[in-house]
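Okay, so here's the structure we're looking at.
FYI, it's all coordinate maths here, none of it is from the lab. Because the structure is a prediction, the values reported are computed rather than measured. Virtual Cβ from ideal backbone geometry, glycine too; neighbours counted across all protein chains shown.
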Amino acid sequence: MGYSKITGIICFCFLSTALVFGAGKKETYPKVVNISYVESPFNLQIMVMKEKRLLEKAFAEKNITVTWHNINSGADQTQAMAAGSLDIASVINSTSVILANAAGNRVEIAAAVSRPKQTFALMTGPHGPQSVGELKGKTIAGPKGTVLHQMLIAALVAEGMGAADVTLMQMGLPESRTALISGQIDGALQAAALIIRDEEAGMKVLFTADGYLTPLLLTAVRPEFAKKYPELLQMYLDVQQQAYSWILANTTEAVAIGSKMQEIAEADGLRLYQWSGMAAALEPGDVPALSADVAFLLEQDMITQSVNPEDFILPIAYGK
């Protein structure tokens with residue numbers, strides 16, 4: 001075999017190898033990214049992102065369709081991520097994240113959304129219980145396995161009672177409101193705009209989360225998605241940060257958007273915005289708070305094994 005022929009064969013082999021490895025390096029993305037849409041309590045970043053189609057514009061550059069899913073329940077979001085039908089939970093409460101991880105359903109924290117204290121409350125009727133102590137033996141409605149559930153238990157414990165001292169009926173927030181107003185129950189766990197509407201209907205706030213716990217609302221991600229598509233997760237977080245910065249610079253316009261989407265007066269929207277404790281990233285104090293929540297949930301038998309929050313917090317959750 002001649003020298004030139006051998007050289008040609010070698011070159012061909014190198015070229016073929018380069019093509020194979022080059023093809024392997026080509027980035028592939030999913031056609032659709034599934035994201036939860038959670039307005040309540042008053043998640044202004046998410047409402048602005050959706051109204052202005054910021055995510056759709058960003059992901060379109062990679063020919064990816066963004067599909068929003070209206071899933072308000074944190075428990076339902078973690079179940080959807082476990083099933084692979086939800087990639088990113090735009091807003092999920094820390095209690096639901098802890099419960100999921102303690103149950104073996106790994107959910108990873110990618111960012112903070114807010115630290116609201118006033119936007120979660122237990123509402124009672126005009127002739128209902130006048131204090132936490134008067135809740136003993138009463139029927140409460142609301143979503144189980146959420147920060148609202150934890151808030152209720154924390155308030156009962158502070159008064160020397162526990163979960164067994166009340167009957168908690170599993171209900172969504174709107175259904176709980178209807179049951180309260182119709183007199184079927186003694187108290188309803190409520191959030192944000194529903195608190196305002198309840199007050200307008202003659203109901204009253206018995207207590208809020210303030211003094212019992214600091215709710216932490218988070219952005220969470222399905223681990224497989226975070227591992228396989230870190231660039232897409234970062235794109236999502238960049239857009240969320242973009243919305244956060246825009247809100248700070250255009251608060252009046254942003255509140256108007258949120259008020260319109262929640263069908264409330266702008267004055268009420270401003271009130272909810274001021275309650276919201278909007279955030280962009282985790283802070284050092286959040287980790288001890290999460291650990292305290294784990295200890296509380298363990299003590300109350302809401303989880304059966306302890307977890308370390310640092311094990312499911314992604315480094316990007318602390319911001320850039």
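A few remarks follow.
- Alpha-carbon spread of the range 164-320, three principal axes, descending order, Å: 50, 45, 27
- Cα-based Rg and Dmax for the range 235-278, where Dmax is the largest Cα-Cα distance (Å): 10.9, 33
- Convex hull (Cα only) mean projected area of the chain, reported in nm² to one decimal: 20.5
- Over the chain, dividing the summed -39,500 (n - 2.57) contributions of all DSSP H runs of at least 4 residues by the number of residues returns a 222 nm mean residue ellipticity of -14500 deg cm²/dmol.
- Gyration tensor over alpha-carbon atoms, the range 68-219, equivalent ellipsoid semi-axes in Å: 27, 16, 14
- Violating pairs (Cα-Cα greater than 22 angstrom) within the set Lys50/Lys144; Lys138/Lys204; Lys50/Lys204; Lys62/Lys227; Lys136/Lys204: Lys50/Lys144; Lys50/Lys204
- As a proxy for reagent exposure, Thr214, Thr167 were ordered by neighbouring Cβ count within 10 angstrom, fewest first; the result is Thr167, Thr214.
- Partners for Lys117 among aspartates and glutamates (Cα-Cα distance below 12 Å; same-chain residues under 8 apart left out): Asp210
- Spherically averaged projected area in nm², based on the convex hull that wraps the Cα atoms of the range 230-320: 8.2
- FRET efficiency, 1/(1 + (r/R0)^6) with R0 25 Å, evaluated for Ala281 and Lys57 via beta carbons: 0.60
- Taking a straight Cα-Cα cut-off under 17 Å and skipping sequence neighbours fewer than 8 places away in the same chain, the aspartates and glutamates within cross-link reach of Lys260 are Glu39, Glu51, Asp268.
- For the residue pairs Lys31/Lys52; Lys31/Lys57; Lys52/Lys228, alpha carbon separations beyond 18 Å are given by Lys31/Lys52; Lys52/Lys228.
- Efficiency of FRET between Ser85 and Gln170 - r from beta-carbon atoms, R0 25 angstrom, step 0.05: 0.70
- Full-extension gain in nm, Glu253 to Asp301, via 0.36 nm per residue minus C-alpha separation: 12.8 nm
- Judged by the mean number of other Cβ atoms found within 10 Å, the most tightly packed of the peptides 147-158, 253-264, 127-138 leads the ranking 147-158, 253-264, 127-138.
- Between helix 147-158 and the chain there is an angle of about 40 degrees, using the helix long axis and the longest principal axis of the Cα atoms.
- Rounded to 5, percent antiparallel among DSSP beta bridges of the chain: 60
- Within the range 120-208, the proportion of C-alpha pairs whose separation exceeds 15 Å stands at 49%.
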